[in-house]
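Reviewing the structure listed below.
The values are calculated or read from the model by the stated rules, or taken from the named source; none is laboratory data. This one's a predicted model, so the numbers in the text were calculated from it and none came from an experiment. Neighbour counts run over all protein chains shown; Cβ positions are idealised from the backbone, glycine included.
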């Protein structure tokens, strides 16, 4: 939001500054509570709502369109040190095989369809921009968890999105009163 709301002329005040997002405004030296809707007409509010822009995704300052066009060397410079070291040591046969299968699945899918799921045990595979939009079945030790790769997942490991344990739902203390250690 803009820190300045209005120019103050239409309100007969010198300045109005929004403090935080609590809805309080500072007018001169006194603090009053007003809603933003109080300062705008119905048409202005509708126009603001219609022109609302959504945040574009960027990975370390590089927008998604540019990220998809990056070469491998340029992407390696963007990732964190652990991933950079992994890529510099070279991708082995299995990770390259997974990327090749994902390419084929994307190629076989229609223009507006999700690609077929590609199953893998490679939990330590780092998600690269080329994998965005793919559907990967990541093995968790028992089953394959379906993971649709989104732009926000770039640079993370596949295993982070396939939990290997079932979280324990501990019972309440009242039910445990006659259990012994």
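Criterion first (closer than 26 Å to residue 62 by Cα and part of a loop (DSSP other than H, G, I, E, B)) does residue 102 satisfy it? Criteria not met by residue 102. Here the stretch 141-152 is the region considered, the condition is being surrounded by fewer than 17 Cβ atoms within 10 Å (Cβ to Cβ) and in contact (Cβ under 8 Å) with a residue 12 or more places away in the chain, and the residue that is farthest from residue 65 (Cα to Cα) is 141. In the condition set (1) touching a residue at least 12 places away in the same chain (Cβ under 8 Å); (2) in contact with a helix residue (DSSP H, G or I) (Cβ under 9 Å, 6 or more places away or on another chain); (3) surrounded by 13 or more Cβ atoms within 10 Å (Cβ to Cβ), residue 101 is compliant with all but (2). Considering 159, 137, the condition of being at pLDDT 95 or above, surrounded by 10 or more Cβ atoms within 10 Å (Cβ to Cβ) and under 27 Å from residue 72 (Cβ atoms) is satisfied by 137 alone.
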